[in-house]
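Following: one structure in structure tokens, then a few remarks.
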Amino acid sequence: MFNIVSEDTRELVENPAARAIREGTIVGLANHTVLISRQGTDVPIDDSASPIRDAQRNITDNRVLGRSIYQIDEGPWDVPELRELLDGALNASRSTTHIEIERQLNRVRRKSLRLTASRFAAGSERNEAVMLVISAVTEERILEEESRRQNQHMRWFLEQIKDYAISTMDSECKATSWNQGVKLALGFDEEEFIGHDIRKLIFTPEAQAAGIPETEFSLAALDQRASDDRWMMRIGGEKFWASGITTSIRDQNDHLIGYSKVLRDLTSTKEAQDGLSELATRLAEVDRRKNELLATLAHELRNPLAPIKNAVQLMGLSKLDPEMDELRLMMARQVVQLVRLIDDLLDVSRI
């Protein structure tokens with residue numbers, strides 16, 4: 001019934017109970033071992049087997065029998081927590097109770113222990129016994145403490161950032177965390193922000209009416225992130241330009257459990273950009289009008305030059321004294337120069 005195989009190689013693994021009987025010691029399973037259930041499915045397990053001997057076992061194994069649990073190993077177990085645990089297992093409605101204690105079990109270091117007491121019938125319904133399981137969880141607690149310390153440091157770090165408003169929320173978009181940036185950018189104190197739907201707190205009425213908050217969070221849930229560069233709303237209804245991003249938060253099973261939002265007040269930058277854009281528009285309009293003026297001027301100047309040019313050419317058909325003919329030639333050269341300049345103006349306006 002107890003068929004176990006290696007998760008990686010699918011090779012059969014020896015039943016730990018068989019080894020425990022054969023070797024007379026406690027046997028633990030190797031890592032990455034799975035149990036093949038009756039239905040044929042894989043069940044990852046972590047288990048161990050230990051032998052139970054009869055009265056013929058070695059007398060050294062009897063050194064704890066018949067003694068109070070509180071006096072074993074010179075009495076380090078005579079503690080109120082253990083007494084309360086065992087009393088609770090016998091008297092409470094629950095058959096299993098557990099506690100965790102920290103005790104100095106040797107001269108080197110203190111250990112964290114998980115004590116689990118389970119009540120069960122011993123021989124008959126009237127007789128009950130308690131099985132006490134003591135597990136060392138020191139390494140687990142060290143890792144948990146380190147994780148808690150790192151999380152606390154990260155929380156302090158995020159809370160003290162002032163340039164960015166950083167917050168998290170649950171899957172219903174209700175805020176679950178807050179930092180100083182939220183106060184500076186949005187104006188909300190922690191108690192005014194935590195637990196409230198931020199879609200109604202920071203999105204403008206126009207954005208809410210257009211369904212932008214729902215669209216943004218839907219995109220974040222689908223694509224894991226969505227940008228939100230737009231006009232947002234501070235406490236009291238004041239608008240400001242925010243640049244930021246919304247990211248989905250998922251658990252180890254890839255289930256959506258919430259969102260994080262980071263935004264920054266860039267109103268001054270937005271106003272500067274809008275000012276530059278407006279200036280560029282005005283300059284373009286001025287340049288357009290200048291080109292129109294040049295084109296109009298060139299056309300208007302060409303009109304009177306045509307008869308002047310014709311008159312100069314007609315003067316060349318008449319016999320003139322040398323001085324007058326020299327004046328005519330000078331006028332002809334200047335008319336050609338003016339025509340060339342006007343053509344250049346037309347070319348510039350076309351370009």
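Within the range 238-294, what whole-number % of the accessible surface is contributed by carbon and sulfur, with the 1.4 Å probe and all protein chains included in the calculation? Walk me through the numbers on the way to the answer.
Details: 2050 of 3780 Å².
The C+S portion of the solvent-accessible surface of the range 238-294 is 54 percent.
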- Could you run the Karplus curve 6.51 cos²θ - 1.76 cosθ + 1.60 with θ = phi - 60° over the range 265-275 and give me ³J(HN,Hα) per residue in whole Hz, x for Gly and Pro? 6, 10, 4, 5, 5, 4, 5, 5, 5, 5, x
- Tell me the label-point distance for the pair ILE308, ALA17, using the 7 Å Cα-to-Cβ offset, in nm and rounded to one decimal. 12.1 nm
- Residue by residue through the range 132-138, the couplings from Karplus 6.51 cos²θ - 1.76 cosθ + 1.60 with θ = phi - 60°, in Hz, x for Gly and Pro, are 9, 10, 10, 10, 7, 10, 4
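Given 0.36 nm per residue, what is the gain on full extension from GLU326 to LEU279 after removing their alpha carbon distance, in nm?
Details: separation 47, 0.36 × 47 = 16.92 nm, distance 5.34 nm.
Full extension from GLU326 to LEU279 adds 11.6 nm.
When you count, for each residue, the other Cβ atoms within 10 Å and take the mean per peptide, how do 81-91, 5-15 rank with the highest first? Working shown, then result.
On the way: 81-91: 15.7, 5-15: 12.3.
Ranking the peptides 81-91, 5-15 by packing returns 81-91, 5-15.
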- Highest mean packing first, using Cβ neighbours within 10 angstrom, the peptides 283-289, 306-312, 196-202 sort as 196-202, 306-312, 283-289
- Within straight-line cross-link reach of LYS270, lysines at Cα separation under 28 Å, skipping those fewer than 8 residues along the same chain: LYS162, LYS183, LYS200, LYS239, LYS261
- Message: Through the Karplus equation 6.51 cos²θ - 1.76 cosθ + 1.60, θ set to phi - 60°, convert the phi angles of the range 139-146 into ³J(HN,Hα) values in whole Hz; use x for Gly and Pro.
- Response: 5, 4, 5, 5, 5, 5, 5, 5
- Task: Might you tell me the accessible area per residue for the range 166-251, computed with a 1.4 Å probe and given in Å²?
- Result: 49 Å²
- Message: Sort 208-216, 41-49 by packing, meaning the average of other beta carbons within 10 Å per residue, with the highest value first.
- Response: 208-216, 41-49
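Explain nothing, just the number: relative contact order of the range 185-340, from Cα pairs under 8 Å at least 6 residues apart, as a whole percent. Provide the component values of the computation, followed by the final result.
On the way: 141 pairs, mean separation 20.8, N = 156.
Answer for the range 185-340 is 13 percent.
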- Query: Given H placed on each backbone N at 1.01 Å, which residues far from THR176 in sequence or on other chains put an amide H within less than 5 Å of it?
  - Reply: THR168, MET169, ASP170, GLY195
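Which value results when the Cα radius of gyration for the range 285-351 is divided by 2.2 N^0.38 Å?
Values: Rg = 15.7 Å, N = 67, 2.2 N^0.38 = 10.9 Å.
Dividing the Cα radius of gyration by 2.2 N^0.38 Å gives 1.45.
The values are calculated or read from the model by the stated rules, or taken from the named source; none is laboratory data. On a predicted model such as this, the values are computed, not experimentally measured, just so you know. Cβ sites come from the backbone with ideal geometry, for glycine too, and all protein chains shown count toward neighbours. Surface accessibility is based on the protein's heavy atoms, side chains included, excluding ligands, DNA and RNA. Shrake-Rupley method; radii C 1.70, N 1.55, O 1.52, S 1.80 Å.
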